[in-house]
1. For segment 37-66, give me the residue count where each residue is open to solvent by less than 20 Å² (accessible area, probe 1.4 Å), in a loop (DSSP other than H, G, I, E, B) and within 15 Å of the ligand (Cβ to nearest atom).
2. Just to be sure before I move on: is Ala103 aliphatic (A, V, I, L, M), surrounded by 19 or more Cβ atoms within 10 Å (Cβ to Cβ) and out of contact with any His (no Cβ under 8 Å at 6 or more places or on another chain) in the structure I sent?
3. Out of segment 114-128, which residues are over 20 Å from Pro143 (Cα atoms) and open to solvent by less than 50 Å² (accessible area, probe 1.4 Å)?
4. Return the residues of segment 1-36 that are touching a helix residue (DSSP H, G or I) at 6+ places or on another chain (Cβ under 6 Å) and outside any loop (DSSP other than H, G, I, E, B); say none if nothing qualifies.
5. Only residues in segment 150-169 that are closer than 21 Å to Ile76 by Cα count as the first member; pair them with residues that are of a type in the set (Ser, Thr, Tyr), Cβ under 8 angstrom, at least 6 apart or cross-chain, and list the lot.
6. Considering only segment 79-133, state which residues are under 30 Å from Ala6 (Cβ atoms) and in a loop (DSSP other than H, G, I, E, B).
7. What residue, among those in segment 99-129 that are touching a Lys or Arg at 6+ places or on another chain (Cβ under 8 Å) and within 18 Å of Gly65 (Cβ to Cβ), is nearest to the ligand (Cβ to nearest atom)?
8. What number of residues within segment 133-142 satisfy the criterion of being open to solvent by less than 30 Å² (accessible area, probe 1.4 Å) and free of Cβ contacts under 8 Å to residues at least 60 places away in the same chain?
Amino acid sequence: MDVLEAIKGRRSIRAFKSDDVPTEIVKKLIDAARWAPSAGNIQPWEFIIVRKPEIRRRLVEAALGQTFIEEATVVIVVCANEARSSQGYGVRGKTLYCIQDTAAAIQNIQLAAYSFGLGTCWVGAFREEEAKETLKIPHGIRPVAIIPVGYPAETPPPRSRRPISQIVHYETF
Ligand SMILES: Cc1cc2nc3c(=O)[nH]c(=O)nc-3n(C[C@H](O)[C@H](O)[C@H](O)COP(=O)(O)O)c2cc1C
């Protein structure tokens, strides 16, 4: 699929069919994620693949009741390894680069999923400590996004975007 077609065609999907997502496809999503750019090529990302209904249900709770998370048969939780980034880049690595790097990986997952006919939603609204406890995430690793992955059961229209004239600044802000 053409890159621009994927960028413009992807939507946040919040309703999923019950069909299983094959492990081979999940592996391809992770492979796409790890080809994202990262500061100093430190690759501070970690991925937790969740299929167990009980854990998915607890993720719904951590995510303030966003029930579509458990509708998807697979959930990928993308985490930032702060320790890894801070070893290379100190405070800037820990507070900025590791979040930027994982965000790029998340975007890759979403675009690759779309190219395979899958829907995803970047869920960022969740109680972090609760998610960490549920997923047994160690100290120094931050869950950044919960991404339900599944076959879409809806075709939402595009959300509006701010016009180019409003967001571009020439020469100075
Ligand atoms: C950092 C971040 C956090 C988000 N958190 C949530 C969320 O908790 N729940 C949700 O339904 N969508 C969430 N979204 C998805 C946005 O609502 C969505 O991307 C935006 O409305 C644009 O729609 P589109 O993705 O269909 O283009 C999040 C997106 C980002 C980038």
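1. Total meeting the criteria: 1.
2. Working: aliphatic (A, V, I, L, M): yes; surrounded by 19 or more Cβ atoms within 10 Å (Cβ to Cβ): no; out of contact with any His (no Cβ under 8 Å at 6 or more places or on another chain): yes.
Answer is no for this residue.
3. Just the residues of segment 114-128 that are over 20 Å from Pro143 (Cα atoms), to begin with: 114-119.
Result: Gly117, Leu118, Gly119.
4. If the condition is that a residue be touching a helix residue (DSSP H, G or I) at 6+ places or on another chain (Cβ under 6 Å) and outside any loop (DSSP other than H, G, I, E, B), then Ala6, Phe16, Leu29, Ala32, Ala33 are the ones that fit.
5. Gly150/Thr73
6. Those that are under 30 Å from Ala6 (Cβ atoms) and in a loop (DSSP other than H, G, I, E, B): Phe116, Gly117, Leu118, Cys121, Trp122, Gly124, Ala125, Phe126.
7. Cys121
8. Residues of segment 133-142 open to solvent by less than 30 Å² (accessible area, probe 1.4 Å): 134-135, 137, 140-141.
Okay, now just the ones that are also free of Cβ contacts under 8 Å to residues at least 60 places away in the same chain, so 140.
Within segment 133-142, residues that are open to solvent by less than 30 Å² (accessible area, probe 1.4 Å) and free of Cβ contacts under 8 Å to residues at least 60 places away in the same chain number 1.
The values are calculated or read from the model by the stated rules, or taken from the named source; none is laboratory data. Everything numeric in this text was worked out from a predicted model, so none of it was measured. Neighbour counts are summed over all protein chains in view; Cβ atoms, including those assigned to glycine, are modelled from backbone coordinates with ideal geometry. These accessible areas exclude ligands, DNA and RNA; they are computed on the full protein's heavy atoms, side chains included. Shrake-Rupley method; radii C 1.70, N 1.55, O 1.52, S 1.80 Å.
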